[in-house]
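**Q** Take a look at this one; I'll ask things after.
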Amino acid sequence: MDYNFSKVEKKWQDYWAKNETFKTDVWDFSKPKYYVLDMFPYPSGQGLHVGHPEGYTATDIIARMKKMQGYNVLHPMGFDAFGLPAEQYAIQTGNHPDEFTSKNIATFKRQLNMLGFSYDWSKEISTSDPKYYKWTQWIFKQLFNDGLAKYIDMPVNWCEELGTVLSNDEIVDGKSERGGYPVVRKNLKQWVIDIPKYAERLLQGLNDIDWPESTKEIQRNWIGKSIGANVNFKIEGTDDFVTVFTTRPDTLYGVTFMVLSPEHPIIEKYADRISNIEDLRAYKNIASLKSELERTELSKEKTGVKIEGLNIINPITNVVVPVYVADYVMMNYGTGAIMAVPAHDQRDYDFAKKFNIPIIQVIKGGDISKEAYTGDGEMVNSGILNGLSNKKDSINKMIDYLGQSGIGKKAVNYRIRDWIFARQRYWGEPVPVLHFDDHIEALDDSELPLVLPELKDYSPSKKGEAPLEKATDWVNVEVNGKHAKRETSTMPGSAGSSWYFLRYIDPNNENELANKELLEHWMPVDLYLGGVEHATGHLLYSRMWNNYLFDKGIVPTKEPFKKLVHQGMILGSNGEKMSKSRGNVVNPDDIVRDYGADSLRVYEMFMGPLCDSKPWSETGIEGAKRFIDRFYRLFSDTSKIIDKPNPKLEKEYHKTVKKVTLDFEKLSFNTAISQIMIFVNVAYKENFIPKEYAEGIIKLFNPIAPHVTEELWNILGHDETIANECWPVYDDSKTIDNTINLPIQINGKLKNTIEIQLDSSEDTIKALVHEKVANLLEGKNILKEIYVKNKIYNIVVK
RNA sequence: GCAGAUGUGGCGGAACUGGUAGACGCACAGGACUUAAAAUCCUGCGGCCCAAUAAGCCGUGCCGGUUCGAUUCCGGCCAUCUGCACCA
């Protein structure tokens, strides 16, 4: 009898829903907890693509296994529902973006259920639901009141044509990615979150979490800590000074000029002393027209202007050196000013060459007539540092000296920038503040959630005003006789996703973001799975918010995600990224229709290691289906499943239970499936299978292929779901043979094997081994024999 | 440029702390069943040499090293992918 996957899969999906098989009682503290989480999807109009089920199946396997192992498992799902596509749909159709979003969410849920995931849908959340974003706004409000959410003037990438601010990755070659319109730097009042305040915490926290080393490294680089010193350079003829940040204070004797960022305030402060102030203003203007990307283009030749009438004094040599303005110095890093040491920094070297500035070597080595020398060496021309050859020593000595003489002090800088927290868009969380003439105030808790007003037209104005500006009744309010204006930009997509993992624990709580006792019990997330692309966005923002909420005593742990894993990308069958234009997209609906959900799950887990990118294969999915049919054929034949031991299967059974259990734990699903296949192949050759073994293997396979295994469990005479059964156990002693095939090598090359008793001593097997390879030892001189117990026997001859 | 990762048959991949390289699957080939096909079951399957077997030789990106023994450890290259990029 053939296995009818579509009928059986539907049957069990209905059963799970009806019986609430996977509903979690979060208040049941009697069992150990396990919180497995997927990065929730953006409900796009395309529905699920074939990459989604990869990660979702992996977490589902863990959730189902942990449940069978006696854990109280929290395995929720929700939707990151704010975003641009819904807004564009609204602009084009005039319908509310919520309509589009709800429709897509319904599609996603249908598809997720069709794949048999064990989500507890009673915990479902959506970031665009006012009941949810009430608490996003509430967190923002705390950040604002604590000075971490700030409304500041800052340079942004402005696209006049599109009327909006663009992020760096929305710009290509100084033009907008969409439309190819020019982008300029412009100062705008922006909401930002002071994530740099948490830089050190975020850096240190990486040491305590089980994340891929590469992802930690990406975050470390992004945070970009550098240790050095701030040094004050006196402006000639004044008591004023300019502070620079340097990581190499030990090269101070080699400073021959200073470079300021074009926006440095000292320029305007001394405008009347500077004879070429107009040139500097013009240069600043040109620089501002360049996008950040253009400005930081490495291959670009150095440009700059000398400041006429402003010199600074090297504080250690008292030599007067010139000051330049150049756009290779950024206002938003360090102090916006650098001390230039052309002999030992290639950028300063290029600049010095172009402007004919002297180059003084202070570290021995290299050939500074050709290029800057950035290696280590003995300090020369360096007063108190002369003769030192250890970089660390000379830096420390200089920092000590700077401190004692009041010229400077040790300083740390981070590359991480403020998190821009506003978009001139409609479909996002309203920022819960009121702008009064002289100050900004957060809304009272009783006014949350501040719900998005309905609009007739969702498009932004040409002038770059946010769509919410059109809701004049909503925007303008009177508070105690004073006029106030609501904020009209909305929060970015990353707002709602920065704390959603907390809300799943207590999704309907109307009084707090989640019950404290529940948070204490359930946090942190034990396993978090999602793509690498979130390494510097979502994963950093979430960590910051969680750290902040920890400081406020709201959540129990600093770090939200104990263990993080990234699934690899599923590529098209041609090895390229799936895309409509390449025509290599695989639709999960088609696969489920033609092969069944279990086949898709098994195939995606069998393709290769979870974390690797791997190409889709049409024949591969057929193979997965073939295996499921074979599995069904083997275990549905009740005449062969009997209550009687079969010693020939004992070892393979215990080996399989052991390997599958350990491999699941390691998320090594491809090798676990391969072991189940091996057992099936062996069992196929037997006349009968002990019922205990059949049931054990069905349980092992259940997390991967839940439908077929529920059906088989039922066929073997069980009325209740397999999901509440206990995970099989193995007997380690039964996984080992008492004889082994020992390889025999001559000069490290395999020549033969010999069957021996386990743990045999060299004495007992030596003669047998020699006999086995006697023909090869003839006339040879034995130099050495190496026997590694149960591993190898190697004879070295000449 | 800097940082991280990867490189194994025709293909996806396996190999514990250095110990029989290629598990498992796909593709392919042969056989059984069938009037036939599909499905299923069984067998073979890295390359070279050979009619074939035995034996032999080569083989985990490349070059070298350590070792009785290296896909695994070390040094140096090459290629691909990802992240950051004038960060002082």
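Every number here is computed from the coordinates shown, using simple stated rules; none is lab data. Bear in mind the structure is a predicted one, so any value in this text is a computation, not a measurement. Reconstructed Cβ throughout: ideal geometry from the backbone, glycine too, with neighbour counts over all protein chains shown.
**Q** Does anyone have the angle between helix A:706-715 and the longest principal axis of chain A? Alpha-carbon axes, 0 to 90°, nearest 10?
**A** Roughly 20 degrees between the two axes.
**Q** Taking the Cα centroid of the stretch A:605-656 and of the stretch A:520-594, what is the distance between the two, rounded to the nearest whole Å?
**A** 29 Å
**Q** Rounded to whole Hz and in sequence order, give me ³J(HN,Hα) for the stretch A:633-648 from the Karplus expression 6.51 cos²θ - 1.76 cosθ + 1.60, θ = phi - 60°, writing x for Gly and Pro.
**A** Per-residue couplings from phi come out as 4, 5, 9, 8, 7, 5, 5, 9, 9, 10, 7, 7, x, 10, x, 5 Hz.
**Q** May I pose another question? Amide H of A:Leu74: which non-local residues (sequence gap of 5 or more, or other chain) have their own amide H closer than 5 Å, using H built in the peptide plane?
**A** Placed amide hydrogens put A:Tyr34, A:Tyr35, A:Val36 under 5 Å from A:Leu74.
**Q** Sequence gap at least 6, Cα distance under 8 Å: using those rules, report the relative contact order of chain A to the nearest whole percent.
**A** 14 percent
**Q** Evaluate the relative contact order of the stretch A:1-83 (contact order divided by residue number), counting alpha-carbon pairs under 8 angstrom at least 6 apart; express in whole percent.
**A** Relative contact order here is 41 percent.
**Q** Return the loop-located trypsin sites (Lys or Arg not before Pro) in the stretch A:96-146 (DSSP other than H, G, I, E, B) with at most 16 other Cβ atoms within 10 Å of their own Cβ; answer none if there are none.
**A** Passing sites in the stretch A:96-146 do not exist.
**Q** Mind pulling the angle between the C-alpha long axis of helix A:391-404 and the longest principal axis of chain A? Nearest 10 degrees, somewhere in 0 to 90.
**A** The answer is roughly 40 degrees.
**Q** Another one. Could you give each residue of the stretch A:381-387 its phi-based ³J(HN,Hα) in whole Hz, using Karplus coefficients 6.51, -1.76, 1.60 with θ = phi - 60°, and x for Gly or Pro?
**A** 6, 10, x, 5, 9, 3, x
**Q** I would also like to ask the following. Using Cα pairs closer than 8 Å and at least 6 residues apart in sequence, work out the relative contact order for the stretch A:301-364, in percent.
**A** Contact order relative to length: 24 percent.
**Q** Trypsin sites (Lys or Arg not before Pro) within the stretch A:505-564: which are DSSP loop residues with at most 14 other Cβ atoms inside 10 Å?
**A** A:Lys552
**Q** Sticking with this structure for a sec: Please give, to one decimal in nm, the separation of the simple spin-label points placed at A:Lys150 and A:Asp589, each 7 Å out from Cα toward the Cβ.
**A** 4.9 nm
**Q** Follow-up. Within the stretch A:226-259, find all residues whose amide N lies under 13 Å from a label point positioned 7 Å from the Cα of A:Lys409 along Cα-to-beta-carbon.
**A** Those under the cut-off are A:229-232.
**Q** For the stretch A:492-539, state which GluC sites (Glu not before Pro) are in a DSSP loop and have at most 11 other beta carbons lying within 10 Å of their beta carbon.
**A** A:Glu510
**Q** Rounded to the nearest 10 degrees, what's the angle between the helix A:84-93 long axis and the longest principal axis of chain A, both from Cα atoms, 0 to 90?
**A** 80 degrees
**Q** Under unit Cβ charges (Lys, Arg +1; Asp, Glu -1), what dipole magnitude, rounded to 20 debye, does chain A have relative to its Cα centre?
**A** 1840 debye
**Q** For the stretch A:567-649, what number of Lys pairs, 8 or more residues apart or on separate chains, have alpha-carbon atoms under 25 Å from each other?
**A** So the count works out to 6.
**Q** Taking amide H positions as placed 1.01 Å from N in the peptide plane, with prolines and chain starts having none, which residues 5 or more places from A:Thr753, or on another chain, fall under 5 Å of its amide H?
**A** A:Ile744
**Q** Please state the shape class of chain A: rounded when a/c is under 1.5, otherwise prolate if a/b exceeds b/c and oblate if not, all from the C-alpha gyration tensor.
**A** Oblate, since a/c reaches 1.5 and b/c is not below a/b.
**Q** Which Cα, out of A:Ser636, A:Phe257, A:Ile744, lies furthest along the positive dipole direction of chain A (beta carbon charges, K/R +1, D/E -1)?
**A** Of the listed residues, the answer is A:Ile744.
**Q** Which ³J(HN,Hα) values, rounded to whole Hz and listed in residue order, are derived for the stretch A:781-798 from phi using the Karplus coefficients 6.51, -1.76 and 1.60 in 6.51 cos²θ - 1.76 cosθ + 1.60 with θ = phi - 60°, glycine and proline given as x?
**A** Along the stretch A:781-798, the couplings run 9, 7, 8, 6, 10, 10, 10, 9, 3, 6, 10, 7, 10, 10, 10, 9, 10, 9 Hz.
**Q** Continuing with this model, one more query. Go through A:Pro449, A:Ile277, A:Gly583 and say which Cα lies farthest out towards the positive end of the charge dipole of chain A; charges sit on Cβ, +1 for Lys and Arg, -1 for Asp and Glu.
**A** Farthest along the dipole direction, towards plus: A:Gly583.
**Q** Within 10 Å, count the other beta carbons around each residue, average over each peptide in A:580-586, A:315-321, A:38-44, and list them highest first.
**A** Result, highest mean Cβ count within 10 Å first: A:38-44, A:315-321, A:580-586.
**Q** Moving on. Give the calculated FRET efficiency between A:Ser369 and A:Val320 to the nearest 0.05, with a Förster radius of 30 Å applied to their Cβ-Cβ distance.
**A** 0.75
**Q** From the helices alone, meaning DSSP H stretches of at least four residues, give me the mean residue ellipticity at 222 nm for chain A, per-run term -39500 (n - 2.57), in deg cm²/dmol to the nearest 500.
**A** Here the helix-only value at 222 nm equals -10500 deg cm²/dmol.
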